[in-house]
Amino acid sequence: MKEMRLFLTALFVLFSVSLSAQNITVKGTVTDDRTGEPIPYTSVQVKGTTIGASTDDLGNYAVSTPSNGVLVFVFIGYQTLEVPVNGRKVLNVTLKEDVQNLEGVVVTALGITKKEKTLGYAASKVSSDELTQGRASNVVSGLQGKIAGVKVTSSGATGSSQK
C-alpha cells in the first residue's frame, strides 16, 4: 500500500511539472507609450533562452514560450521591458522612451549595437542639422560627401532612386 501511495505521488508530481512547462504561443502588439503607434522590428526574446522573434511592420509578434516564461522586449531608444507570461496567450505591451540611453550607441553594418568606446575602429557621425544643411531631396543624398567610405550612386535621371 505504501509503495502504491509513493508511486501515485511521484506520478502526480511528474504530471504537474509537465503541465507547468508546456509551451504556448503568445501573440501581441508593441506600441509607443506617448503616441500609441506600433513599434516595428522590436526584439522579443524569451528570457534565459535563445528563442525569440521580432515585431512586424505593424508591431505585431508571435513567440512560443513556456507558460511560466518571461518575455523581454528591446528596441533602441526605449527602455527594456520584461513581462511574465503567466499563461496568457495575448500580451500587448507599451514601451517607454529612453532618450538618455542613446548617447554613445553605434549601430554597425550588421545591425549590432555597441558602445562607441568599445569599437576597434573609427565611427563617423552625422547630425540631423548636417543632413538638412544642403537641402538634399532625401536622406541618401544628404549623406553624400559627409561620411568617409560612403558612395552614393544614381542613374542620373530626374527622380530616379539612389543607392
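Scan the stretch 80-89 residue by residue and report those that are among the β-branched types (Val, Ile, Thr), within 16 Å of Asp33 (Cβ to Cβ) and open to solvent by less than 70 Å² (accessible area, probe 1.4 Å).
Val83
Among the residues of the stretch 100-118, write down those that are open to solvent by 40 Å² or more (accessible area, probe 1.4 Å) and either at pLDDT 85 or above or more than 19 Å from Tyr41 (Cβ to Cβ) (or both).
Those that are open to solvent by 40 Å² or more (accessible area, probe 1.4 Å) and either at pLDDT 85 or above or more than 19 Å from Tyr41 (Cβ to Cβ) (or both): Gln100, Glu103, Lys115, Glu116, Lys117, Thr118.
Yes or no, residue by residue, for (1) closer than 12 Å to Lys27 by Cα; (2) hydrophobic (A, V, I, L, M, F, W, C); (3) modelled with pLDDT under 95; (4) assigned to a strand (DSSP E or B):
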{"site": "Pro40", "(1), (2), (3), (4)": "no, no, yes, no"}
{"site": "Gln45", "(1), (2), (3), (4)": "no, no, yes, yes"}
{"site": "Gly48", "(1), (2), (3), (4)": "no, no, yes, no"}
{"site": "Ala53", "(1), (2), (3), (4)": "yes, yes, yes, yes"}
{"site": "Leu58", "(1), (2), (3), (4)": "no, yes, yes, no"}
{"site": "Ser64", "(1), (2), (3), (4)": "yes, no, yes, yes"}
{"site": "Asn68", "(1), (2), (3), (4)": "no, no, yes, no"}
{"site": "Ile76", "(1), (2), (3), (4)": "no, yes, yes, no"}
{"site": "Arg88", "(1), (2), (3), (4)": "yes, no, yes, no"}
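What are the residues in the stretch 90-99 that are surrounded by fewer than 10 Cβ atoms within 10 Å (Cβ to Cβ) and either in a loop (DSSP other than H, G, I, E, B) or at pLDDT below 90 (or both), if any?
Val99
Which residues, taken from the stretch 62-79, are farther than 15 Å from Glu37 by Cα and either surrounded by 16 or more Cβ atoms within 10 Å (Cβ to Cβ) or of a type in the set (A, V, I, L, M) (or both)?
Ala62, Val63, Thr65, Pro66, Ser67, Gly69, Val70, Leu71, Val72, Phe73, Val74, Ile76
The values are calculated or read from the model by the stated rules, or taken from the named source; none is laboratory data. Note that the structure is predicted; figures quoted are calculated from it, not measured. Neighbour counts run over all protein chains shown; Cβ positions are idealised from the backbone, glycine included. Note: areas computed on protein heavy atoms with side chains; ligands, DNA, RNA excluded. Shrake-Rupley method; radii C 1.70, N 1.55, O 1.52, S 1.80 Å.
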